[in-house]
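Just so it is clear, none of the values below were taken in a lab; they were calculated from the coordinates. Computed from a predicted model, the values in this text were never measured in an experiment. Cβ sites come from the backbone with ideal geometry, for glycine too, and all protein chains shown count toward neighbours.
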Amino acid sequence: MEYSYEVNGIRYLGERLDFHTVNRTTDTEARKHLEPYPVRSIIPLYYNPQNPSDSVLNCRMSLWQPIFWICFRIFMILVGLTYFVECYRWHPPNWHPAK
């Protein structure tokens, strides 16, 4: 799939459907994702104002992305806490008793 668009009088070509789609492996799957975009139609697209050659047709985020990042952060916090607890357990601070 390829589409063209114009920004400030300069014509660009784009190929990305969205931020998370990888190359489709079957024609059926690709056709399903391209149904909302008929050939030679005028449709809205989204581009990076600092780099207009960077564009996508769909800028919605899929549901799995925020769920993945939330789970990843929770996992990293648990790893950090586990490391802290284990280090403290095996190497407690060298405190001196009060006199």
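Rounded to the nearest 20, the Cβ-based charge dipole of the chain about its Cα centre (Lys and Arg +1, Asp and Glu -1) stands at 420 debye. Output the 0 to 90 degree angle, nearest 10, between the alpha-carbon long axis of helix 64-90 and the longest principal axis computed from the alpha carbons of the chain. Helix 64-90 sits at roughly 20 degrees to that axis. Apply 1/(1 + (r/R0)^6) to the Cβ-Cβ distance of Arg89 and Thr26, taking R0 = 41 Å, and write down the FRET efficiency to the nearest 0.05. Calculated transfer efficiency: 0.20. With each label modelled as a point 7 angstrom along the Cα→C-beta vector, the Ser4-Tyr46 pair spans 2.5 nm. Relative to the Cα centre, the charge distribution of the stretch 3-56, modelled as +1 at Lys and Arg Cβ and -1 at Asp and Glu Cβ, gives a dipole magnitude of about 100 debye. Expressed per residue, the C-alpha convex hull volume of the stretch 3-56 stands at 88 Å³.
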